[in-house]
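What follows draws every value from the coordinates through simple rules; no lab data is involved. In this text, all values refer to a predicted model and were calculated from it rather than measured experimentally. Note that we place each Cβ from the backbone using ideal geometry, even for glycine, and neighbour counts take in every protein chain shown.
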Amino acid sequence: MQIRFLGTGAGDFLAPEEQENEAGFLPEVRRLGGRHRRYASSAMLPPDTLIDFYGDQQIRRLEIETASIQHLLITHGHWDHFQPLAIIDFARGLPQPLQIYGNDMVTDALEFAATHEWQETAKKFGPASSPADISTHSVAVGRSFDVGNAVVTAVHADHCIDKMRMVPEQKALNYVIERGGKRMFYGLDSSRPLPETVEQLRGFTFDLAVLDATFGPREIDPALSGHQNFAMLEQTVASLMELGVFTEATTIVGSHISLVNVPPHDEIVDELAQKGILLAFDGMTIDI
Ligand SMILES: [Zn+2]
Ligand SMILES: [Zn+2]
């Protein structure tokens, strides 16, 4: 199984070019470019599966062959992971219908976008003027389903939850993906794993885990965030190692990196490597 990181940034990935923002590490990231620059988090499992979709700019930039793409897994409905109109537009350029998997919010939004159109002159919704070439599949937590020749199991991420008021705004998903005898955990956009998620993960041992490292070395209050910093990432890895879910043989990747809060790639990559964590960058490919 191969994973190709199309984007490895957090929700502030737009900042360098599109905002007059001098916050944090942005000026440095903007100046350095290259591996320091990150776009919206998404990945490809060649040849046929994408995970999350902000737009196709990274697919074009990395010159990825799209004709074989048949499946799209969506983790959750935040705008930097999920753009219904861009997805429908992208699907129209494929030789086959795009199969899209996600939570109810995601499948509802796609079905709405596929059947409605905002009419600018009338200032109201009307029916869509051209058909969408997509099929949606609502995914339930704990359920396994086939995605091409992969078997995927969805687990509940600690994300999109107002913890103080106990309001889960939507069920954000992380995915266990098994293919060709290898197993990967795609765990971005989650704070520390929920108890039921730990129980579900206990049934597996992973060859590769992609984990949330959004805030890097910055201190955060876990009560107020659906993400991790490096310290929380290390604790998550240690706790799952103790349970045998991760082992010394598991490749651990930190991704979904904030451009404002995290120093440029080259300044932190070695320190993280010493802790057994690989820092993702846009275009990185891992074979397991
Ligand atoms: Zn995100
Ligand atoms: Zn999110």
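Annotations for the structure displayed:
- Gyration tensor (alpha-carbon) shape descriptor, the range 1-132, a/c threshold 1.5: oblate
- Sites Arg61 and Ala128, calculated FRET efficiency, Cβ-Cβ separation with R0 30 Å, nearest 0.05: 0.55
- Ordering of 249-256, 118-125 by burial proxy (mean other Cβ atoms within 10 Å per residue, highest first): 249-256, 118-125
- Sorting the segments 78-91, 196-209 by their mean number of nearby beta carbons within 10 angstrom, highest to lowest, gives 78-91, 196-209.
- For the range 2-287, share of DSSP beta bridges that run antiparallel, in % to the nearest 5: 55 percent
- Relative contact order (%) - the range 154-247, alpha-carbon pairs under 8 angstrom, separation at least six: 27 percent
- Restricting the range 20-52 to GluC sites (Glu not before Pro) in coil, as DSSP defines it, with at most 14 other Cβ within 10 Å: Glu20, Glu22
- Cα point-scatterer Debye curve for the range 144-288, base-10 log of I(q)/I(0) at q = 0.20 Å⁻¹: -1.32
- Cα-projected label distance for Arg218 with Gln274, points at 7 Å along beta-carbon direction, nm: 2.4 nm
- Label positions at Ser144 and His116, each projected 7 Å from the Cα along the C-beta direction, are separated by 3.8 nm.
- Here r is the Cβ-Cβ distance between Glu28 and Gln96 and R0 is 35 Å; the resulting FRET efficiency, rounded to 0.05, is 0.20.
- Taking the Cα centre of the range 2-287 as origin and assigning +1 to Lys and Arg Cβ atoms and -1 to Asp and Glu Cβ atoms, the resulting dipole is close to 300 debye.
- Whole-angstrom gap from the range 92-122 to the range 23-73, using each part's C-alpha centre: 21 Å
- The rule of thumb for compact globular proteins, 2.2 N^0.38 Å, goes into the C-alpha radius of gyration of the chain 0.98 times.
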